[in-house]
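Asker: Here you go, one structure.
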Amino acid sequence: MLEVRALASHYGRIPALKGIDLSVHAGELVALVGANGAGKTTLLRAISGVQPVSAGEVLFAGTDITGFAPDRRVRLGIVQVPEGRQVFGPLSVLDNLLLGAYTRPRAESADSLERVYALFPALAERRRQPAGTLSGGQQQMLAMGRALMAQPKLLLLDEPSMGLAPRLVDEVFATIGTLKAAGTTIFLIDQNARAALAAADRAYVLETGQVVASGTGAALLASPQVQAAYLGL
């Protein structure tokens with residue numbers, strides 16, 4: 001579904017991505033782990049089209065989308081849940097969700113809302129409440145629900161468990177598992193490397209803008225190098 005070939009990106013003269021090669025197949029959950037500053041968020045932003053690419057290609061379902069605008073990528077089915085949730089605080093939960101469906105025909109919104117409310121009942125209960133008054137965990141649910149309103153073929157998750165209590169982290173990963181079981185293809189970044197690798201079919205390890213290891217989630221979870229670098233073992 002997604003193929004990244006020799007992708008490079010810079011911030012000014014500083015290289016952030018240095019020839020990234022990776023792929024995500026339909027129905028997979030692929031994780032990307034690495035230290036802060038490794039380039040993980042930059043890679044997701046490049047796939048979404050909001051980070052300029054200086055070399056290489058991004059292919060989606062066989063089509064080269066490297067030059068496509070971000071909204072065109074959303075219409076194709078690439079939807080990102082950004083780091084830090086970035087909900088629209090003054091707007092209601094319902095309005096935040098409806099904004100997620102702006103690329104879809106209006107007739108689809110009611111069905112999409114029902115699916116999101118079934119997945120996140122707390123959002124249904126608080127649909128008239130300003131999004132900024134929700135708890136951190138509820139805002140993460142809202143950010144994920146907003147993305148699902150766009151009916152993604154590929155869901156990009158950037159640090160969905162960041163800043164959450166352990167119980168809420170478990171809930172987030174349980175939801176990710178539910179989405180995968182329903183057939184959603186997921187590319188996941190999370191500082192909780194143990195949970196990300198445990199959930200992943202396959203995974204990549206990123207260091208200073210380069211892929212330094214890849215394999216099944218289970219294999220990387222068992223790797224002494226990954227354990228020492230990212231799992232504190």
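The values are calculated or read from the model by the stated rules, or taken from the named source; none is laboratory data. Computed from a predicted model, the values in this text were never measured in an experiment. Cβ: placed from backbone, ideal geometry, glycine included. Neighbour counts: every protein chain shown.
Asker: If the Cβ limit is 6 Å and pairs must be 6+ apart or interchain, which residue in region 175-190 that is over 12 Å from Met144 (Cβ atoms) pairs with which residue that is surrounded by fewer than 21 Cβ atoms within 10 Å (Cβ to Cβ) and among the aliphatic types (A, V, I, L, M)?
Answerer: Thr185/Met1; Thr185/Ala26
Asker: Scan the helices (runs of 4 or more DSSP H) fully inside region 1-120 and keep the ones with 2 or more residues being more than 28 Å from Leu164 (Cα to Cα), at pLDDT 95 or above and out of contact with any strand residue (DSSP E or B) (no Cβ under 8 Å at 6 or more places or on another chain). Let's see the steps before the verdict.
Answerer: On the way: elements: 40-48, 70-76, 93-100, 109-119.
Passing ranges, in order: 70-76.
Asker: Still on this structure: Taking the criterion of being under 19 Å from Gly145 (Cβ atoms) and within 15 Å of the chain's Cα centre (by Cα), would at least one residue in region 100-107 satisfy it?
Answerer: yes
Asker: Counting only residues that are at pLDDT 95 or above and either on the phi > 0 side of the Ramachandran plot or of a type in the set (D, E, K, R) (or both), how many does region 121-158 have?
Answerer: The number of residues fulfilling the criteria is 7.
Asker: Then there is this: Identify all residues within region 2-57 that are in contact (Cβ under 8 Å) with a residue 24 or more places away in the chain, of a type in the set (D, E, K, R) and surrounded by fewer than 16 Cβ atoms within 10 Å (Cβ to Cβ); write none if there are none.
Answerer: Matches in region 2-57: Asp21, Glu57.
Asker: A follow-up question, please. Kindly indicate whether any position in region 117-139 is touching a Phe, Trp or Tyr at 6+ places or on another chain (Cβ under 9 Å), crowded, with 21+ Cβ neighbours inside 10 Å and either among the hydroxyl-bearing types (Ser, Thr, Tyr) or touching a residue at least 60 places away in the same chain (Cβ under 8 Å) (or both).
Answerer: No, because not a single residue in region 117-139 is touching a Phe, Trp or Tyr at 6+ places or on another chain (Cβ under 9 Å), crowded, with 21+ Cβ neighbours inside 10 Å and either among the hydroxyl-bearing types (Ser, Thr, Tyr) or touching a residue at least 60 places away in the same chain (Cβ under 8 Å) (or both).
Asker: If I filter region 140-168 down to residues being of a type in the set (Gly, Ala, Ser) and touching a helix residue (DSSP H, G or I) at 6+ places or on another chain (Cβ under 8 Å), which single residue comes out as surrounded by the most Cβ atoms within 10 Å (Cβ to Cβ)?
Answerer: Here is the first cut: in region 140-168, the residues of a type in the set (Gly, Ala, Ser) are 143, 145, 147, 150, 161, 163, 165.
From the residues that got through so far, the ones that are touching a helix residue (DSSP H, G or I) at 6+ places or on another chain (Cβ under 8 Å) too are 145, 147, 150, 161, 163, 165.
On the way: Gly145: 26, Ala147: 21, Ala150: 21, Ser161: 23, Gly163: 14, Ala165: 12.
By that ranking, first place goes to Gly145.
Asker: Condition test on Leu17, is it under 25 Å from Leu221 (Cα atoms) and over 15 Å from the mean Cα position of the chain (by Cα)?
Answerer: Values: under 25 Å from Leu221 (Cα atoms): yes; over 15 Å from the mean Cα position of the chain (by Cα): yes.
So Leu17 passes the test.
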